[in-house]
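Colleague: Structure below; questions to follow.
Since every read-out is calculated from the coordinates, none of them should be taken as a lab result. These numbers come from a predicted model, not from an experiment. Virtual Cβ from ideal backbone geometry, glycine too; neighbours counted across all protein chains shown.
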Amino acid sequence: MIRALPIAAFAVLAMFWPGWTEPEADMGEAVEATAFIARVHAYAGLYSEDAPAGEIPMLARRFEFYPAVRLQSGQSYRLLLMAEDAVHSVVVNGREMLLVPGMVQAVELSPRPGDVVELRCNEYCGLGHNRMRLRIH
Ligand SMILES: [Cu+2]
């Protein structure tokens, strides 16, 4: 009885250890990477600046978010972000999402007048990592 106590204590500890049963990080939705990259380039060719409301396909890559669009206040957007070359992340509106090649994460944005939205990579991705931010207004 007494001998079983440390084992029982270990089992209880293991069960409640922080992170023990934590689900996998949400990586987003799987896409065909080549097709998504083509979609981004097609979009970037059409809208280099003022983006119309709706979906904006975007790439995270060393060391930028591409394309550098401009959002119009009063409109609603859905950024679709995929990493192109390595694992990155995006921090936006106080939330962080992991960006992995082949997986798309969505961010809803409805900027109000005067808002500056900043996308920032928070996953070390190389020497230019600190430059990897995009301010969109
Ligand atoms: Cu980075």
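Colleague: Taking other Cβ within 10 Å of each residue's Cβ, how do Tyr43, Tyr77, Tyr66 sort, fewest first?
Modeller: Going from least to most buried by this count: Tyr66, Tyr43, Tyr77.
Colleague: Between helix 4-16 and the chain, what is the angle of the helix's C-alpha long axis to the longest principal axis, kept within 0 to 90° and rounded to the nearest 10?
Modeller: 10
Colleague: Work out from phi, with θ = phi - 60° and the Karplus expression 6.51 cos²θ - 1.76 cosθ + 1.60, the ³J(HN,Hα) of each residue of region 69-77, listed in order in whole Hz, and give x for Gly and Pro.
Modeller: 7, 10, 9, 9, 5, x, 10, 10, 10
Colleague: Pick out which of Pro113, Pro57, Pro101 has the largest mean-square fluctuation in a Gaussian network model of the chain, springs linking Cα atoms closer than 10 Å.
Modeller: Comparing Pro113, Pro57, Pro101 in the GNM, the peak value goes to Pro113.
Colleague: Report, to the nearest 10°, how far helix 33-46 tilts away from the longest principal axis of the Cα atoms in the chain, using its own Cα long axis and a range of 0 to 90°.
Modeller: In the chain, helix 33-46 runs at an angle near 30 degrees to the longest axis.
Colleague: Along the charge dipole of region 78-137, which of Pro113, Met97, Asn130 sits closest to the positive end, that is, farthest toward it, with unit charges on the beta carbon of Lys, Arg, Asp and Glu (+1, +1, -1, -1)?
Modeller: Selected residue: Pro113.
Colleague: Springs between alpha-carbon pairs under 10 angstrom, Gaussian network model over the chain: which of Ala11, Ala30, Ala86 fluctuates most?
Modeller: Ala11
Colleague: Pairs of alpha-carbon atoms within less than 8 angstrom and 6+ residues apart define the contacts here; what relative contact order does region 10-137 have, in percent?
Modeller: 25
Colleague: Same structure, new question: Let me see the pair-distance distribution of the chain: every alpha carbon pair, 5 Å bin width, integer percents in order.
Modeller: The percentages, shortest bin first, are 2, 10, 17, 18, 16, 10, 5, 4, 4, 4, 3, 2, 2, 1, 0.
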